[in-house]
Amino acid sequence: MNYSVAISEGIHHTLAKHLIRDDGQEDLCFAFYSTSNGKTRITGVINSILLPVKGDRNIHGNVSFNSQYFDRVSQFALKNELGICFIHSHPGPGWQGMSYDDIKAEEMLAPRVKAITKMPLIGLTIGNDETWSARFWIKTKPKFYTRYWCESVRVAGQKLKLSYNENLLPSPLDSKEFQRTISSWGASKQADITRLKVGIVGLGSVGSQVAVALYRTGIKHVKFIDFDVVKEKNLDRMDVTRSEIGEFKVSAVKRRLLQNELHTAVIEDIPYSIVEEKGLENALDCDVLFCGVDRPWPRFVLDSISKANYIPVIDGGIDASLKSDSSNIDQARWKSHTVGPERICMSCLNQYQPEDVALEQSGFLEDQHYIKSLPQSHFANRGENVFVFSQSLASQLMCQFLSLVLQPRGIPYGPKEFDFNTGNIDSDFEFHCNEGCSINRMHGMGNKVNTTLISEHKVAEDQRSEVYSREVPNNLNWFRRMWRAAVYSII
């Protein structure tokens, strides 16, 4: 199992302001976290802080805390059912190691925190350049706690910044294949980008093109999450062939990318819906997610994930319609935006309606008779997008992604909408959620939200059953052919 920590940008700034002192001395504080369990990674999501007051700690070059401070920390953790983080600063830059005194302090705290919260102690250190390092203290046998270093610490908000543990996620070697890319933003930024763990939910006309863009940008770890298969109607909007009809989209796109042999990438194809447990837990392993789905239920799940786990989600959608006399296109527009901590959610952007989430969960959106009864303006009656529109939206989503991680002049992207008829790009949207937003209340709650999102998804189950039922006879036929060939060779 791998480990990581996630911090919202606002909490990061508060901690940095307190911990990094002008006099160069170390300082400390405590914070609290919820756990977020992915398939291969456990993340501590820091959601609140309890800064020391006068008399709580002693600063003497190094720093120590007093018992009354830890008592208040323990009471807060118990009351709110949260884990405890012990945080201190170091006067040097970069990912920090631990001194003998650091280790002893956290070894002393680990059993006390475990007894109080039933959760591991997380230790964090911040360098004077605001680079984080972190570790989990896991009870591995009676009275013995083992330190497990995190592979990264993620700070998400207006921008996305990761601190990497070079021992676990080393900087990739410069490659001549990416010299043009590196010439745009430098080797250091390229190293940060390529080590991000990225997920794409929905590998249709937009998601499949985002997959190509990520691969050609040099991303090393990508997860494709989609239960759907290639259909004939996808041939004019995806880079697939007729022979791939009936195959999972995630498998077809993965195979085509790896055939390029541009670089060594780990691409996982997951034929599940994001609302199913296997789809959700794989998404929680990621540092950033792309939404390539247009249904309300998965969008609601991704919206919730983004706030509860501090995982930015880059979302978009295309709305195109035909003239009433079918003589030409009437209008087309596509919107791109990034949602997550300290950003507006999809619900407040009207990317889905809560009543439509319930409608999809009920199964009515699979009933063509019911869909026909809906008003023409309902999203279920929108026209399909076309390849060139998908290309444009995929490009806008990638620009949202690059803005999030590069921020060359410190200017964060907000939502942007392109009007095909006029060629104008509208950016006059709210950047933050409406007051009382229910999605915003999930801020930093981790598994307390994640576990409520998991559901059975009959459409996904039926789709997998259909694919697997076709594969079994094919495998049996292959075995029969091999058996006959072996028998004939003996004869």
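The values are calculated or read from the model by the stated rules, or taken from the named source; none is laboratory data. In this text the structure is predicted, and so the values were computed from the model without any measurement. Note that we place each Cβ from the backbone using ideal geometry, even for glycine, and neighbour counts take in every protein chain shown.
Find all pairs meeting these conditions: Cβ atoms under 8 angstrom apart; at least six residues apart or on different chains; first residue within segment 252-263 and in a loop (DSSP other than H, G, I, E, B); second residue surrounded by fewer than 20 Cβ atoms within 10 Å (Cβ to Cβ).
Close Cβ pairs satisfying both conditions: L262/E177; L262/R216; H263/S175; H263/E177; H263/F178; H263/K220.
Take the residues in segment 167-181 that are among the charged types (D, E, K, R) and not in a loop (DSSP other than H, G, I, E, B); name whichever of them is surrounded by the most Cβ atoms within 10 Å (Cβ to Cβ).
If we filter segment 167-181 for residues that are among the charged types (D, E, K, R), which is where we start, we get 174, 176-177, 180.
Filter once more, so that each one left must be not in a loop (DSSP other than H, G, I, E, B): 176-177, 180.
Details: K176: 7, E177: 12, R180: 8.
So, considering only residues that are among the charged types (D, E, K, R) and not in a loop (DSSP other than H, G, I, E, B), the one surrounded by the most Cβ atoms within 10 Å (Cβ to Cβ) is E177.
Please go through segment 5-30 and give me each residue that is assigned to a strand (DSSP E or B) and more than 17 Å from G127 (Cα to Cα), ordered by number.
So the first thing to find is which residues in segment 5-30 are assigned to a strand (DSSP E or B), and the list is 5-8, 28-30.
Selection gives S8 alone.
All but one of (1) part of a strand (DSSP E or B); (2) closer than 27 Å to S403 by Cβ; (3) in contact (Cβ under 8 Å) with a residue 60 or more places away in the chain hold for K189; state the number of the condition that does not hold.
Every condition holds for K189 apart from (1).
Within segment 292-329, which residues are hydrophobic (A, V, I, L, M, F, W, C), touching a Phe, Trp or Tyr at 6+ places or on another chain (Cβ under 7 Å) and closer than 19 Å to F418 by Cα?
Residues of segment 292-329 hydrophobic (A, V, I, L, M, F, W, C): 293, 297, 300-302, 305, 308, 311, 313-314, 318, 320, 322, 329.
Filter once more, so that each one left must be touching a Phe, Trp or Tyr at 6+ places or on another chain (Cβ under 7 Å): 300, 314, 318, 320.
Result: I314, I318, A320.
Residues are listed down the side, and each one gets a yes or a no for (1) at pLDDT below 90; (2) outside any helix (DSSP H, G or I):
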site	(1), (2)
F290	no, yes
V293	no, yes
K307	no, no
G317	no, yes
S324	yes, yes
V357	no, no
E360	yes, no
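What single numbered condition from (1) part of a strand (DSSP E or B); (2) hydroxyl-bearing (S, T, Y); (3) closer than 30 Å to N385 by Cβ fails to hold for S184?
(1)
How many of the residues making up segment 111-138 are of a type in the set (K, R), farther than 20 Å from Y100 by Cα and not in a loop (DSSP other than H, G, I, E, B)? So that I can check it myself, show each step before the final result.
At the first step, the residues of segment 111-138 found to be of a type in the set (K, R) are 112, 114, 118, 135.
When the remaining residues are screened for being farther than 20 Å from Y100 by Cα, the result is 114, 118.
Applying the additional criterion that residues be not in a loop (DSSP other than H, G, I, E, B) yields 114.
Selection size over segment 111-138: 1.
Mind telling me which of the residues F32, F70 ends up being of a type in the set (F, W, Y), modelled with pLDDT of 95 or more and within 29 Å of the chain's Cα centre (by Cα)? Explain how you work it out, then say what you get.
On the way: F70 fails: within 29 Å of the chain's Cα centre (by Cα).
None of the others qualify; the one that does is F32.
Name the one entry in A134, A110, A156 that is hydrophobic (A, V, I, L, M, F, W, C), within 22 Å of G444 (Cβ to Cβ) and touching a Phe, Trp or Tyr at 6+ places or on another chain (Cβ under 6 Å).
Details: A134 fails: touching a Phe, Trp or Tyr at 6+ places or on another chain (Cβ under 6 Å); A110 fails: within 22 Å of G444 (Cβ to Cβ).
Going through A134, A110, A156 in turn, the sole match is A156.
All but one of (1) closer than 17 Å to A394 by Cα; (2) part of a loop (DSSP other than H, G, I, E, B); (3) of a type outside the set (D, E); (4) more than 20 Å from the chain's Cα centre (by Cα) hold for I219; state the number of the condition that does not hold.
With (1) closer than 17 Å to A394 by Cα; (2) part of a loop (DSSP other than H, G, I, E, B); (3) of a type outside the set (D, E); (4) more than 20 Å from the chain's Cα centre (by Cα) applied to I219, the lone miss is (4).
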